[in-house]
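Each remark here refers to the structure printed beneath this line.
The values are calculated or read from the model by the stated rules, or taken from the named source; none is laboratory data. All values derive from a computational prediction rather than experimental measurement. Using ideal geometry, Cβ is built from the backbone for each residue, glycine included, and neighbour counts are taken over all protein chains shown. To get the accessible areas, we keep the full protein, side chains included, count just its heavy atoms, and leave off ligands, DNA and RNA. Shrake-Rupley method; radii C 1.70, N 1.55, O 1.52, S 1.80 Å.
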Amino acid sequence: MADFDLEMTDKLLSTTRSVRKRLDFEREVPTQVVMDCLELGLQAPTGSNRQGWRWLVVTDEGMRNELGRLYRKGGDEYLAQGLAQARESGAAQDARVFDSAIYLAENIERAPVHVIPCIRNFLPENPPRFMWAGLLGSIVPAVWSFQLALRSRGLGSVFTTLHLRCEAEAAELLGVPEDFMQVALIPVAYTLGTNFKPAERRPLEEIVHVNTWS
């Protein structure tokens, strides 16, 4: 057996949440802490070992303000409609998620650090689905490792994509080359409290199929 503390490892894996309302916007985040977490993220596997990733760490207040504007431009209508539909249907959990997402949209620029993972886009026009799987599979594992590393150091984060509706404007703001694709915008901050719990999920027997889909 590997020499890990399984109790702590399982706790890390089961309590790393998408943090929105519990981001501490007032506490400074040392840049070195973010770099340490990114260093761990780079140990994640990547397709063909290409390591075609790049990471933008945005701390400048003016640039964060502009990213916040683009985030709301891309997501406000979607979030408002989602919240209204959830309330109308009585889906309380969905309503809470959309309420939390709207709070983040209204305040995202206040997060002291924004991290934007990017990947070199080698895909042809209108690529088959397997190529998308390969491309995103070369960056998303590293992003999640980064987020786990943040959690282990008392910081929270959330994988967001709404600014990608304005990707070209964000690329111009950030100087992202045309052959790179932004994958997410991850606000990073210390958390208000650390008592995160495992989320409610559907039981395995409802979602796991062994050998065939049945």
### Tyr78 vs. criteria more than 24 Å from Phe146 (Cβ to Cβ) and surrounded by 14 or more Cβ atoms within 10 Å (Cβ to Cβ)
yes
### Task
Would you please list the contacts, defined by Cβ atoms under 7 Å and residues six or more apart or on different chains, that run from a residue in the range 178-201 that is under 13 Å from Ala168 (Cα atoms) to a residue that is assigned to a loop (DSSP other than H, G, I, E, B)?
Asp179/Asn121; Phe180/Asn121; Met181/Asn121; Gln182/Val176; Val183/Ile139
### Query
Pairs, please: C-beta under 8 Å, at least 6 apart or cross-chain, first residue within 16 Å of Val57 (Cβ to Cβ) and in the range 20-32, second open to solvent by less than 50 Å² (accessible area, probe 1.4 Å) and assigned to a helix (DSSP H, G or I)?
none
### Query
Any chance the range 96-105 includes a residue that's of a type outside the set (D, E, K, R), at positive phi and modelled with pLDDT under 95?
no
### Query
How many residues are among the hydrophobic types (A, V, I, L, M, F, W, C), closer than 16 Å to His114 by Cα and out of contact with any Gly (no Cβ under 9 Å at 6 or more places or on another chain) when one looks only at the range 145-168?
3
### Whichever residue in the range 17-35 is among the β-branched types (Val, Ile, Thr) and part of a loop (DSSP other than H, G, I, E, B) and, among such residues, is nearest to the chain's Cα centre (by Cα)
Val19
### Task
For Tyr71, state whether it is open to solvent by 20 Å² or more (accessible area, probe 1.4 Å) and among the aromatic types (Phe, Trp, Tyr).
no
### In the range 144-162, the residues that are touching a residue at least 60 places away in the same chain (Cβ under 8 Å) and not small (Gly, Ala, Ser)
Trp144, Phe146, Gln147, Leu148, Leu150, Arg151, Arg153, Leu155, Val158, Phe159, Thr160, Leu162
### Query
Is at least one residue of the range 85-99 under 26 Å from Ser152 (Cα atoms), in contact (Cβ under 8 Å) with a residue 40 or more places away in the chain and surrounded by 13 or more Cβ atoms within 10 Å (Cβ to Cβ)?
no
### Message
I'd like the residue in the range 36-47 that is touching a residue at least 12 places away in the same chain (Cβ under 8 Å) and part of a helix (DSSP H, G or I) and, out of all such residues, is most open to solvent (accessible area, probe 1.4 Å).
### Response
Leu40
### Message
As an exercise: evaluate Ser14 against (1) under 24 Å from Glu169 (Cβ atoms); (2) assigned to a helix (DSSP H, G or I) and give the number of the one condition it does not meet.
### Response
(1)
